[in-house]
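Asker: Let me begin by handing over the structure; questions about it come next.
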Amino acid sequence: SFENVGFIGLGNMGSRMANNLLKAGYKMTVHDVNCNVMKKYSDMGVSTKQTPFEVAEASDVVITMLPSSSHVLNVYNGPDGLLQGGDLLTPQLFIDSSTIDPQTSRKLAVSVSNCILKEKKENWENPVMLDAPVSGGVVAAEAGSLTFMVAKICNNLAMAISMLGLSEALALGQSLGITASTLTKIFNSSSARCWSSDSYNPVPGVMQGVPSSRNYSGGFASKLMAKDLNLAAASAEEVGQRCPLTFLAQNIYTEICNDGHETEDFSCVFQHYYSGKSK
Ligand code: NAD
């Protein structure tokens, strides 16, 4: 049984996921490098630890929700990391829900499965690591309705390109004199309907409760989308798959980040890329 849940990485997604686990009654131990976040949880009466290793010591299952591969490697293998305890580990299960490259996940899964449980449980001798990235964004994280999946990089590649396509269509439509709200209504009852148009609209004021309605804050940062597109582009190159739109999307998100919008939600391309006129 997994009564004691460790949670590391309490950012936009992790904090919402952890809050649902708290609500569901799990005994939580948490860690984040951000002191303000730690303070928030200790004020709520949640047990906070200074290192991933201390979280592992207190948990049956440890969930990580960190920005990218380097952070996950650091939390697992770094000094005072989750695997610091040598071959003997307390948690039975490690779930990484960050979106990272498959090579890093595989490497960590092997390290974990080579360890032994401190206390053998129900014929379970070796701890297990699951690569379980999520889809659904901050809204689903809050509602407890995230989809856990494999093939995450391909999902985000399709999502980036549909967001760019939708933003381009909305920007052109507006330049031709139709409001974004009208365009959205038309798209949502026509064949252009997609998640970006009906659940995550990029135009400020068209939908409530999405990042575009709060200055593109509190969503999925453009730099994280750029990271996922880099992973997709590298994977495409590795297997020789033709993916021209992936490379184009990668360039656009790199430009958005270089222009200083890296922490804004990825739907900000509508504002910063498509709303600018070409000469
Ligand atoms: P975020 O940057 O908001 O949160 C990351 C948290 O990890 C921060 O609180 C940060 O302080 C903490 N952190 C960083 N390094 C750490 C370390 N070494 N030890 C402990 N804590 C550390 O990111 P996010 O938006 O919550 O995304 C997390 C992951 O989920 C990413 O891989 C992202 O690609 C993926 N994802 C995000 C969304 C979304 O809509 N935001 C949706 C699906 C998947």
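Asker: Among residues belonging to the stretch 1-37 that are surrounded by fewer than 21 Cβ atoms within 10 Å (Cβ to Cβ) and within 16 Å of Phe53 (Cα to Cα), point out the one that is nearest to the chain's Cα centre (by Cα).
Answerer: Step by step, filter the stretch 1-37, then rank; the result is Val33.
Asker: Return yes when Asn20 is among the polar types (S, T, N, Q), within 23 Å of Val134 (Cα to Cα), in contact with a Gly (Cβ under 7 Å, 6 or more places away or on another chain) and in a loop (DSSP other than H, G, I, E, B) and no when it is not. Spell out how you get there, then give the answer.
Answerer: On the way: among the polar types (S, T, N, Q): yes; within 23 Å of Val134 (Cα to Cα): yes; in contact with a Gly (Cβ under 7 Å, 6 or more places away or on another chain): yes; in a loop (DSSP other than H, G, I, E, B): no.
It is false that Asn20 is among the polar types (S, T, N, Q), within 23 Å of Val134 (Cα to Cα), in contact with a Gly (Cβ under 7 Å, 6 or more places away or on another chain) and in a loop (DSSP other than H, G, I, E, B).
Each row is one residue, and each column tells you yes or no for (1) touching a Cys at 6+ places or on another chain (Cβ under 9 Å); (2) away from the ligand (no atom under 13 Å from the Cβ); (3) not assigned by TED's automatic domain parsing to the domain that holds Pro67; (4) not aliphatic (A, V, I, L, M).
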residue: Val210; (1), (2), (3), (4): no, no, yes, no
residue: Ala226; (1), (2), (3), (4): yes, no, yes, no
residue: Leu231; (1), (2), (3), (4): no, no, yes, no
residue: Gly240; (1), (2), (3), (4): no, yes, yes, yes
residue: Leu248; (1), (2), (3), (4): no, yes, yes, no
residue: Glu255; (1), (2), (3), (4): no, yes, yes, yes
residue: Asp259; (1), (2), (3), (4): no, yes, yes, yes
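Asker: Which condition breaks for Leu130 when tested against (1) modelled with pLDDT under 90; (2) not in a strand (DSSP E or B)?
Answerer: (2)
Asker: For the stretch 38-55, enumerate the residues that are surrounded by fewer than 16 Cβ atoms within 10 Å (Cβ to Cβ) and either away from the ligand (no atom under 11 Å from the Cβ) or closer than 27 Å to Trp124 by Cα (or both).
Answerer: Across the stretch 38-55, the qualifying residues are Lys39, Ser42, Asp43, Met44, Gly45.
Asker: If the requirement is being among the hydroxyl-bearing types (Ser, Thr, Tyr) and surrounded by fewer than 13 Cβ atoms within 10 Å (Cβ to Cβ), which of these qualifies: Ser199, Ser189?
Answerer: Ser189
Asker: Say we look at the stretch 71-85 and pick out the residues that are in contact (Cβ under 8 Å) with a residue 12 or more places away in the chain and of a type outside the set (A, V, I, L, M); which of these is farthest from the ligand (Cβ to nearest atom)? Can you show your working first?
Answerer: So the first thing to find is which residues in the stretch 71-85 are in contact (Cβ under 8 Å) with a residue 12 or more places away in the chain, and the list is 71-73, 75-78, 80-85.
Filter once more, so that each one left must be of a type outside the set (A, V, I, L, M): 71, 76-78, 80-81, 84-85.
Details: His71: 4, Tyr76: 10, Asn77: 11, Gly78: 7, Asp80: 10, Gly81: 9, Gln84: 13, Gly85: 17 Å.
Once the filter is applied, the top-ranked residue is Gly85.
One line per residue, one yes/no per condition, for (1) outside any helix (DSSP H, G or I); (2) hydrophobic (A, V, I, L, M, F, W, C):
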{"position": "Ala158", "(1), (2)": "no, yes"}
{"position": "Ser181", "(1), (2)": "no, no"}
{"position": "Ala192", "(1), (2)": "yes, yes"}
{"position": "Gly205", "(1), (2)": "yes, no"}
{"position": "Gly209", "(1), (2)": "yes, no"}
{"position": "Ala226", "(1), (2)": "no, yes"}
{"position": "Asn230", "(1), (2)": "no, no"}
{"position": "Ala233", "(1), (2)": "no, yes"}
{"position": "Gln241", "(1), (2)": "yes, no"}
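Asker: Out of Ser113, Ser167, Ser181, which single residue is surrounded by fewer than 20 Cβ atoms within 10 Å (Cβ to Cβ), of a type in the set (Ser, Thr, Tyr) and at pLDDT 90 or above?
Answerer: Working: Ser113 fails: at pLDDT 90 or above; Ser167 fails: surrounded by fewer than 20 Cβ atoms within 10 Å (Cβ to Cβ).
The conditions single out Ser181.
Asker: Report yes if some residue within the stretch 265-278 is in a loop (DSSP other than H, G, I, E, B), in the same structural domain as Leu157 (by TED's automatic domain parsing), within 16 Å of the ligand (Cβ to nearest atom) and within 24 Å of Thr179 (Cβ to Cβ); otherwise report no.
Answerer: No: the stretch 265-278 contains no residue that is in a loop (DSSP other than H, G, I, E, B), in the same structural domain as Leu157 (by TED's automatic domain parsing), within 16 Å of the ligand (Cβ to nearest atom) and within 24 Å of Thr179 (Cβ to Cβ).
The values are calculated or read from the model by the stated rules, or taken from the named source; none is laboratory data. Every value quoted in this text rests on a predicted model; they were computed, and no experiment measured them. Cβ atoms come from the backbone with ideal geometry, glycine included; neighbour counts cover every protein chain shown.
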